[in-house]
1. What number comes out for the charge environment of Thr64, summing +1 per Lys or Arg and -1 per Asp or Glu over other residues with Cβ under 14 Å away?
2. Of the listed peptides 106-116, 65-75, 1-11, what is their order by residue-averaged count of other C-beta atoms within 10 Å, with the highest listed first?
3. Rg and Dmax of the stretch 2-125, using alpha carbons, in Å: what are they?
4. Through the Karplus equation 6.51 cos²θ - 1.76 cosθ + 1.60, θ set to phi - 60°, convert the phi angles of the stretch 62-74 into ³J(HN,Hα) values in whole Hz; use x for Gly and Pro.
5. So what's the net charge close to Arg109: Lys and Arg +1, Asp and Glu -1, counting the other residues with Cβ under 14 Å from its Cβ?
6. Report the net charge of residues surrounding Tyr12, where surrounding means a beta-carbon distance below 11 angstrom and charges are Lys +1, Arg +1, Asp -1, Glu -1.
7. Using the C-alpha atoms of the stretch 9-54, what convex hull volume per residue, in cubic angstrom, is computed?
8. Over 32 Å between C-alpha atoms is what I'm after, so list which of Lys5/Lys116; Lys96/Lys135; Lys100/Lys123; Lys88/Lys130; Lys50/Lys96 land there.
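What follows draws every value from the coordinates through simple rules; no lab data is involved. All of these numbers come straight from a predicted model, not from anything done at the bench. Ideal geometry is used to build each Cβ from the backbone, glycine not excepted, and the neighbour counts take in all protein chains shown.
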Amino acid sequence: MNVLKEKAAVYYQKKDFLQSITIYEKLLTEYKEVDESVKLNLANSYFQLKRYNSAIDNYKLLATSKDLYIRSTAYLQLGVIYSSNNKKELGLSYFKEALKAMPENEEARYNFELLKKEQDRTKKENSSDKKKENKNGKNKTNASDSEESKKVKGGGGNNKKSSSPENNEDEESDKENEDQNTGGEESNDLQSNDSGDRETDFLTAQRLAEMNMNERQARMILKAMKNTEGQYIQQRKKIVTSTPTPGKPDW
């Protein structure tokens, strides 16, 4: 048995893992009582060949070993296999068990701390991404609500006229009609006054003509009559607006 163990160890050191596996399997088959170091080297040989299922089976058998070094090493290797296959939580738990079995296992401690930091960073990033998504979702909801609110406020519910082009045209048309009506009334008043003045001047001129006066004399007398009439109106205003002094006659 010792010869086979030494031969398998040589192949293992040479990294000829296929040969080392063959000899270790032969030892486990032919001999019932085999050192646990043989089982560990067999599991490591499978691990080196990336035959992980066979490696896991052998490491799990050693996870209950009374030898704390072998138990811690088995848990360490299980942690490495699972974490490298994207099973981080399971790998972290095995690293933790390796440290429980043997706290001085520095390789297990290094892997545990490294994987723990990586997981914490991933959790923070995921939490930050969720917050951003929630914030963006709220902003979109608020923007949608704001647009709906604008639509409601811009709808019916008030009696004010809208400032549409059609209403503006109607208002301008109404203003133009009012201006035309006002202008027409003022024009009629002016025309009426002008026709009255012309009629008065004509009658006066006709009367003066009957008195054998020429046109120049008639205009001079007509002008003098108008001036006299204006002075009479001004004097009349003074008489009407003057306040009588108490105790004195009104003349």
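1. +1
2. Highest to lowest by the protection proxy: 65-75, 106-116, 1-11.
3. Computed over the Cα atoms of the stretch 2-125, radius of gyration and Dmax are 15.7, 56 Å.
4. Rounded to whole hertz, the list is 8, 5, 9, 5, 6, 6, 5, 5, 5, 4, 5, 5, 4.
5. Summing Lys and Arg as +1 and Asp and Glu as -1 gives -1.
6. Overall, the nearby charge balance is +2.
7. Expressed per residue, the convex hull around the Cα atoms of the stretch 9-54 is 65 Å³.
8. Those over the limit are Lys5/Lys116; Lys96/Lys135.
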